[in-house]
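Q: The structure is given below, and queries will be raised subsequently.
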Amino acid sequence: FFAAALATLICAVVIWWRHQTPPFAIWLGLELATIAVRIALLNRDRNAARRGAATGTDLYLLMTLLWAGTLGYGAAITTLSGDYAAAIVVNIATACIAGGMSIRYFGAPRFVLLVCTATLGPMAVSAALAPDPVLLVTTIQAPLALFSMSQAAKRLNGMMIATMEAEAAHAHRAAHDPLTGLLNRAGFTHAATQRCGMGGTLFYIDLDGFKQVNDRHGHDAGDQVLCEVAQRLVRLAGRHGHVARLGGDEFVLLAPVLSPDAIERLGMRIVERIADVPYVLDDATARIGVSVGAAAMVEDDPVDAALRRADAALYGAKTRGGGRVRLAA
């Protein structure tokens, strides 16, 4: 920004000093005003960003467009003045800055087209109106440059989006179970840690009789059951809960802070929802049981510690025959 602003300001000052006519005085005044406003906006937005507050990006972009038009105006009046030495200086600066804009703002390709048109358009029109016909070359070159810059910005934008999508997909795979779409252990640990200060209630869930489903109906049927269990748990968790598959037939549900009675009630709802409704497979139906261990996760309680307590409670529920809820001591 400062390099471009200095380049255009030098052009405006030198050409005004050379001609000292009202059109060039207007150009110099516009340059000084738009640069000063953009610096003020940059400082304001940098301070807002440090505070985590909203920034006035739209206003800054509007001033950028105005500045681009100011530069285009300067290129046009310099070319029409007949001072071709000055026109060479200004038009080279204009073309270079338009190229820089196509790189700087490639995140918004249509904006690149807009600002580059504001700079190169007046230059092309003034070259067509100038008395020397050789300047018609500039009239032809400007649209070609504009097309090239907009296409370059569009392609760079496409590459950036593809990279961001790939990173998002990789992050999703790293935090989610590929079969059920639930959080995996790493994803659940991160989500639970984020709300650690609020506390919560952990339900460690293990399916009873799931091995028999695999043995009797095959692993595809077992996968169907796991996906259906995941959906039932998500419905039970609601908007404020988290559900994860830790591996195999083990799941965990994180609910808000609950009283002991409420923990028992939700635990029994998990048992009923998982065990009482049969699972419809491609060519059969299957039933499974479920055991649940629950543990309160107090404020600043490490997630792994709460999981270990819930796991110990789950072990107690399974050793008593399964199909029940046990609250950690």
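Q: Could you put Ile35, Ile88 in order of accessible surface area, largest first, with the 1.4 Å probe and the full protein assembly present?
A: Ile88, Ile35
Q: Same structure, new question: Ignoring everything except DSSP H segments at least 4 long, calculate the 222 nm mean residue ellipticity for the chain; use -39,500 (n - 2.57) per segment, divide by total residues, nearest 500.
A: Using -39500 (n - 2.57) per qualifying helix, the result is -23500 deg cm²/dmol.
Q: For the range 35-49, what does the Karplus curve 6.51 cos²θ - 1.76 cosθ + 1.60, with θ = phi - 60°, yield as ³J(HN,Hα) per residue in whole Hz, taken in order and with x for Gly and Pro?
A: 5, 5, 5, 5, 4, 4, 5, 4, 5, 4, 6, 4, 5, 5, 5
Q: Here is a follow-up. How much length is gained on full extension from His190 to Leu61, taking 0.36 nm per residue of separation minus their Cα-Cα distance?
A: Full extension from His190 to Leu61 adds 42.8 nm.
Q: Put a dot 7 Å past each Cα toward the Cβ at Asn214 and Arg235; how far apart are the dots in nm?
A: Computed distance between label sites Arg235 and Asn214 equals 2.6 nm.
Q: With the dipole of the range 280-324 worked out from charges on the C-beta (+1 for Lys and Arg, -1 for Asp and Glu) around the Cα centre, which of Val292, Gly316, Ala305 lies farthest toward the positive end?
A: Gly316
Q: On a full-extension model of 0.36 nm per residue, what is the gain between Glu167 and Arg18, subtracting their alpha-carbon distance, rounded to one decimal in nm?
A: Between Glu167 and Arg18, full extension yields 48.3 nm more.
Q: Gain in length, Asn43 to Phe111, computed as 0.36 nm per residue apart minus the alpha-carbon separation, to one decimal in nm?
A: Additional length available on full extension: 22.3 nm.
Q: How far apart, in nm, are two points set 7 Å out from the Cα along the Cα-to-Cβ line at Ala53 and at Thr285?
A: Each label point is offset 7 Å from its Cα along the Cβ direction, giving 6.3 nm.
Q: How many percent of the accessible area of the chain is carbon or sulfur, using a 1.4 Å probe?
A: Carbon and sulfur together cover 63 percent of it.
Q: Shifting gears a bit: Gaussian network model of the chain, Cα springs within a sub-10 Å range: biggest mean-square fluctuation belongs to which of Thr94, Thr117, Thr55?
A: For the chain, modelled as a Gaussian network with Cα springs under 10 Å, the answer is Thr55.
Q: A further question follows. Suppose we take every Cα in the range 250-291 and form the convex hull; what volume per residue is that in Å³?
A: 80 Å³
Q: Here's another thing I want to ask about it. Taking just the alpha-carbon atoms of the range 1-57, what radius of gyration and Dmax come out, in angstrom?
A: Reported Rg and Dmax, both Å: 14.9, 47.
Q: Considering only protein heavy atoms, what per residue accessible area in square angstrom results for the range 242-309 with a 1.4 angstrom probe?
A: With all protein chains present, the range 242-309 gives 48 Å² per residue.
Q: Between Ile97, Ile39, Ile205, which gets the highest mean-square fluctuation from a Gaussian network model of the chain, Cα cutoff 10 Å?
A: Ile39
Q: Points 7 angstrom from Cα along the Cβ direction at Glu299 and Arg104: gap in nanometres?
A: Result for the modelled spin labels: 4.8 nm.
Q: If you build the convex hull over the alpha carbons only and average its shadow over all orientations, what do you get for the range 10-109? Give it in nm² to one decimal.
A: 6.8 nm²
The values are calculated or read from the model by the stated rules, or taken from the named source; none is laboratory data. Here the structure is a predicted model, which means the values were calculated and not measured. When we count neighbours, we look across all protein chains shown, and the Cβ atoms used for this are built from the backbone with ideal geometry, even at glycine. These area figures cover heavy atoms from the full protein model, side chains too; ligands, DNA and RNA do not enter into them. Shrake-Rupley method; radii C 1.70, N 1.55, O 1.52, S 1.80 Å.
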